[in-house]
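Chemist: I'd like to ask you about the structure that follows.
The values are calculated or read from the model by the stated rules, or taken from the named source; none is laboratory data. These figures come from a predicted structure and were not determined experimentally. Neighbour counts run over all protein chains shown; Cβ positions are idealised from the backbone, glycine included.
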Amino acid sequence: MDQDTFGSVEDPGEESSSRAARRFRLRRRRAELITTAQRSPAENLRHRERVYTWLQASRLPALLISAGSYLWLGDWIFSGILFLISVPLPWIAVVIANGKGEVRDKRTRNTYKPQVAREYYAAVEAERRAQLESPARPELETGQSDIIDHDDTEENPT
């Protein structure tokens with residue numbers, strides 16, 4: 001049984017005599033939401049993007065059906081209604097897409113906890129200071145020079 005469905009569970013050996021009981025047992029019902037939880041801002045954005053896409057995608061077929069009904073069927077009333085419906089669809093789609101989604105409940109606290117950001121920026125600043133305070137060139141040990149000797153002679157003369 002799925003997690004989001006529920007129903008009655010009977011013994012496998014027990015046969016139900018009525019058809020309604022069998023139909024009730026086979027039918028899946030979705031569990032009802034009993035909290036006042038709202039969708040997250042990401043879910044709101046995704047929903048608004050889907051609605052925008054569907055409205056924009058439905059405009060072109062509506063215009064084509066409108067033109068087809070006028071040209072082939074000669075039905076100018078149906079054609080005019082479809083045309084009038086398809087004209088404001090882009091505006092409606094943009095208004096919905098630019099909406100803010102669900103309204104935030106005024107009773108909930110607006111809490112801002114920037115501890116992770118503070119720790120990250122402190123680590124970045126500490127690394128930057130360590131790089132600035134370190135010498136540009138590592139110090140050489142005594143007796144070493146920063147001249148690299150190069151030998152031009154070939155190792156295997158033929």
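Chemist: Tell me which residues, restricted to segment 62-87, are assigned to a helix (DSSP H, G or I) and either basic (K, R) or closer than 30 Å to E102 by Cβ (or both).
Modeler: Scanning segment 62-87 gives A62, I85, S86.
Chemist: Return the residues of segment 116-146 that are under 30 Å from N44 (Cβ atoms) and either touching a Phe, Trp or Tyr at 6+ places or on another chain (Cβ under 7 Å) or at pLDDT 85 or above (or both); say none if nothing qualifies.
Modeler: Correct list: R118, E119, Y120, Y121.
Chemist: Okay, next question. Somewhere in segment 91-110, is a residue farther than 28 Å from Q38 by Cβ and modelled with pLDDT of 85 or more? Walk me through it before giving the result.
Modeler: Initially, segment 91-110 is screened for residues farther than 28 Å from Q38 by Cβ, giving none.
Checked segment 91-110: no residue is farther than 28 Å from Q38 by Cβ and modelled with pLDDT of 85 or more.
Chemist: Checking S86 against (1) surrounded by 15 or more Cβ atoms within 10 Å (Cβ to Cβ); (2) at pLDDT 90 or above; (3) within 22 Å of the chain's Cα centre (by Cα), only one condition comes out false. Which one?
Modeler: (3)
Chemist: When you scan segment 55-67, do you find a residue that is touching a residue at least 40 places away in the same chain (Cβ under 8 Å) and among the β-branched types (V, I, T), even just one?
Modeler: There is no residue in segment 55-67 that is touching a residue at least 40 places away in the same chain (Cβ under 8 Å) and among the β-branched types (V, I, T).
Chemist: Quick check: anything in segment 16-25 more than 30 Å from K106 (Cβ to Cβ), of a type in the set (S, T, Y) and at pLDDT 75 or above?
Modeler: Looking through segment 16-25, none of the residues is more than 30 Å from K106 (Cβ to Cβ), of a type in the set (S, T, Y) and at pLDDT 75 or above.
Chemist: Would you be able to tell me the number of residues in segment 26-81 that are of a type in the set (A, V, I, L, M), under 30 Å from K106 (Cβ atoms) and modelled with pLDDT of 90 or more?
Modeler: Count: 1.
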